[in-house]
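A quick write-up on the structure given underneath.
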Amino acid sequence: MTPAIAAKDLRVSYGKLDVLRGVSFDMAEGQGVVLLGANGCGKSTLMRSLNGLEKLKSGMIHVHGEELSTARGRQLRQIRRGMGYVFQQFNLVPQLNAFQNVLLGAMGRHKMGLLSCLSLTAPAHERERALHCLERVGMADRALHRPSELSGGQQQRVAIARMLMQAPRVVVADEPIASLDPKAGREVLDLLWRIVREEGLTMLCTLHHLELAQEYADRILGMKAGQIEIDAAIADTRTDQLNALYTGMTRVDAKPTEVAA
Ligand SMILES: Nc1ncnc2c1ncn2[C@@H]1O[C@H](COP(=O)(O)OP(=O)(O)O)[C@@H](O)[C@H]1O
Ligand SMILES: [Mg+2]
């Protein structure tokens, strides 16, 4: 079967700094993978590469068999439409209410600008769908609230509803609970994985909690200093091996002297 994501020998550099140093992995359709690694090891750069925004120095990315790394224009937009993102900082539009933010998830399907989300001219079926997505994340009763009137956990629920509205096949979640307290974080993570499983989506999700990673993921990718160190099914991962991702030369910009200190 064609993998949902096939990344081959990805290399990304910022000036002289090599951030991705030959990253390769495949993700089967429907697989839930947690990406682990210390701060500065290149996780977010890898995740940004998967939306075609990072300039690759070399390597290839295929999404459901289509080459992202060389796609342009319409084809690139089409591939991107199938990829949903969830961010640490939620990235909701502060001027719009929860319902309107969720409607934005449909923008890729229509020539619907920000204005139609405000002016109630969005197609009726999309408006119904947006409400349904808010219901799925338990936020229907907050539809008219703006982000500033919602807690962090509630804002991330709205962001998940927006992702659901987009109807992606692949979800990339970069530290989705890093801005939340443990209780809200756990609730949001439960919700995110439940929705991903119910929809049969493929997900790559970064987390900083080894126990949570082992609880939710089918498989772990572990990064250290710009390279994949661990690629293993959950049953085959050992905690000491995961802990080793956080010791020694972990950052891509580490100086050898800093490690010795
Ligand atoms: N836009 C950028 N310009 C220059 N350097 C960057 C940029 N983004 C990231 N880096 C460098 O790449 C390293 C890895 O960053 P990042 O991918 O965000 O790691 P992680 O998400 O694992 O913390 C950072 O420590 C930083 O030195
Ligand atoms: Mg990051």
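Could you tell me whether segment 58-74 includes any residue that is within 16 Å of the chain's Cα centre (by Cα) and surrounded by fewer than 16 Cβ atoms within 10 Å (Cβ to Cβ)? No, because not a single residue in segment 58-74 is within 16 Å of the chain's Cα centre (by Cα) and surrounded by fewer than 16 Cβ atoms within 10 Å (Cβ to Cβ). Please verify whether residue 42 is away from ligand 2 (no atom under 16 Å from the Cβ) and touching a residue at least 24 places away in the same chain (Cβ under 8 Å), treating the condition exactly as stated. It is false that residue 42 is away from ligand 2 (no atom under 16 Å from the Cβ) and touching a residue at least 24 places away in the same chain (Cβ under 8 Å). When segment 8-41 is filtered for residues that are within 13 Å of ligand 1 (Cβ to nearest atom) and within 23 Å of residue 192 (Cα to Cα), the ones remaining, listed by number, are 35, 36, 37, 38, 39.
Within the option set 221, 212, 245, 204, being surrounded by 14 or more Cβ atoms within 10 Å (Cβ to Cβ) and either away from ligand 1 (no atom under 14 Å from the Cβ) or part of a loop (DSSP other than H, G, I, E, B) (or both) holds for one residue only, 212. Put simply, of 93, 86 the only residue that is surrounded by fewer than 21 Cβ atoms within 10 Å (Cβ to Cβ) and modelled with pLDDT of 90 or more is 93. From the list 80, 48, 72, the one residue that fits, being without any contact (Cβ under 8 Å) to a residue 60 or more places away in the chain and within 16 Å of ligand 1 (Cβ to nearest atom), is 48. The residue that is nearest to ligand 2 (Cβ to nearest atom), among those in segment 11-27 that are surrounded by 15 or more Cβ atoms within 10 Å (Cβ to Cβ) and within 17 Å of residue 231 (Cβ to Cβ), is 20.
The values are calculated or read from the model by the stated rules, or taken from the named source; none is laboratory data. Remember, predicted model here, so these are calculated numbers, not experimental data. Note that each Cβ is placed from the backbone with ideal geometry, even for glycine, and that neighbours are counted across all protein chains shown.
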